[in-house]
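K.L.:
One structure, as structure tokens, below. Some questions next.
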Amino acid sequence: MPYQQDLATYPNLEMISRNFGWPPPGAAALAVGRLAPEHEFPTTLPDDAFLDALFYLCAHRSIIRVRSFHNCLLPHATRPAAICVVRRGDEEVRLGSAEIGVVAAGGELLLAPNLVFHYIEEHHYQPPAIFTEAVLARRTITPPAGVLL
Ligand SMILES: [Zn+2]
């Protein structure tokens with residue numbers, strides 16, 4: 001998962017469109033939460049309502065699922081597990097092999113690796129405000145049934 005500056009044009013959307021049949025050719029999307037250790041990012045303490053809404057997306061609305069897992073490469077006090085697993089309540093999700101998508105108030109498609117939940121919960125990454133707003137508003141992307149999930 002290569003680094004992308006927040007709200008840069010999402011990479012490889014044409015390839016994803018070809019491989020997954022979605023989004024339609026010519027669609028545009030912006031990247032969120034494609035972090036890397038060598039790039040600083042803004043931080044803030046996340047609130048529970050946001051984490052709840054984001055966890056729901058990761059658990060039930062993951063898209064662009066792939067077979068391999070990307071793990072968090074940011075610094076950790078102790079070595080992280082090979083596959084990042086997060087829990088909220090009695091639910092558990094393995095992160096690092098899918099994306100989540102929301103639609104901003106202005107209509108922009110925002111796509112983030114589902115590791116964004118870990119980045120926010122553990123590393124206090126502050127995503128762009130339009131992403132936070134879209135997640136809290138639960139404007140999720142609904143791809144064609146059976147195509148991506
Ligand atoms: Zn981490």
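K.L.:
For the subset of the stretch 61-113 comprising residues that are without any contact (Cβ under 8 Å) to a residue 24 or more places away in the chain and either away from the ligand (no atom under 14 Å from the Cβ) or open to solvent by less than 40 Å² (accessible area, probe 1.4 Å) (or both), which member is nearest to ALA129 (Cα to Cα)?
P.N.:
My answer is GLY107.
K.L.:
OK, next. Exactly one condition in (1) of a type outside the set (Phe, Trp, Tyr); (2) within 16 Å of the ligand (Cβ to nearest atom); (3) at pLDDT 95 or above; (4) loosely packed, with under 12 Cβ neighbours inside 10 Å is false for ALA49; which is it?
P.N.:
Among (1) of a type outside the set (Phe, Trp, Tyr); (2) within 16 Å of the ligand (Cβ to nearest atom); (3) at pLDDT 95 or above; (4) loosely packed, with under 12 Cβ neighbours inside 10 Å, ALA49 violates only (2).
K.L.:
Hey, any hits in the stretch 8-24 for a residue that's within 16 Å of the ligand (Cβ to nearest atom) and either among the charged types (D, E, K, R) or under 19 Å from PRO127 (Cβ atoms) (or both)?
P.N.:
There is no residue in the stretch 8-24 that is within 16 Å of the ligand (Cβ to nearest atom) and either among the charged types (D, E, K, R) or under 19 Å from PRO127 (Cβ atoms) (or both).
K.L.:
If you don't mind, another one. Search the stretch 125-149 for residues being modelled with pLDDT of 95 or more, open to solvent by less than 60 Å² (accessible area, probe 1.4 Å) and β-branched (Val, Ile, Thr), and hand back the single one that is farthest from THR44 (Cα to Cα).
P.N.:
Step one: of the stretch 125-149, the residues modelled with pLDDT of 95 or more are 125-137.
Next, only the ones that are open to solvent by less than 60 Å² (accessible area, probe 1.4 Å) stay: 125, 127-128, 131-132, 134-135, 137.
Restricting the remaining residues to those that are β-branched (Val, Ile, Thr) gives 132, 135.
Details: THR132: 12, VAL135: 16 Å.
Restricting to residues being modelled with pLDDT of 95 or more, open to solvent by less than 60 Å² (accessible area, probe 1.4 Å) and β-branched (Val, Ile, Thr), the top hit is VAL135.
K.L.:
For the stretch 8-18, indicate whether the set of residues that are among the aromatic types (Phe, Trp, Tyr), modelled with pLDDT under 95 and open to solvent by 50 Å² or more (accessible area, probe 1.4 Å) is non-empty.
P.N.:
no
Condition check ((1) touching a Phe, Trp or Tyr at 6+ places or on another chain (Cβ under 7 Å); (2) in a strand (DSSP E or B); (3) within 24 Å of SER17 (Cα to Cα)) across all residues:
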site	(1), (2), (3)
ALA81	no, no, no
VAL86	yes, yes, no
GLY96	yes, no, yes
GLY101	no, yes, yes
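K.L.:
Only residues that are among the charged types (D, E, K, R) and surrounded by fewer than 19 Cβ atoms within 10 Å (Cβ to Cβ): list them for the stretch 19-46, please. Walk me through how you get there before you give the answer.
P.N.:
Let us first name the residues in the stretch 19-46 that are among the charged types (D, E, K, R), namely 34, 38, 40.
Within the stretch 19-46, GLU38, GLU40 qualify.
K.L.:
OK, next. Which residue is surrounded by the fewest Cβ atoms within 10 Å (Cβ to Cβ), if the candidates are limited to the stretch 114-124 and must be assigned to a loop (DSSP other than H, G, I, E, B) and out of contact with any Gly (no Cβ under 6 Å at 6 or more places or on another chain)?
P.N.:
HIS124
K.L.:
Could you tell me whether ILE100 is β-branched (Val, Ile, Thr) and at pLDDT 95 or above?
P.N.:
Values: β-branched (Val, Ile, Thr): yes; at pLDDT 95 or above: no.
It is false that ILE100 is β-branched (Val, Ile, Thr) and at pLDDT 95 or above.
The values are calculated or read from the model by the stated rules, or taken from the named source; none is laboratory data. What you see is a predicted model, and the numbers here were worked out from it, not measured in a lab. So basically every Cβ, Gly included, is an ideal-geometry build from the backbone, and we count neighbours across all protein chains shown. Protein only, heavy atoms only, side chains kept; ligands, DNA and RNA dropped before computing areas. Shrake-Rupley method; radii C 1.70, N 1.55, O 1.52, S 1.80 Å.
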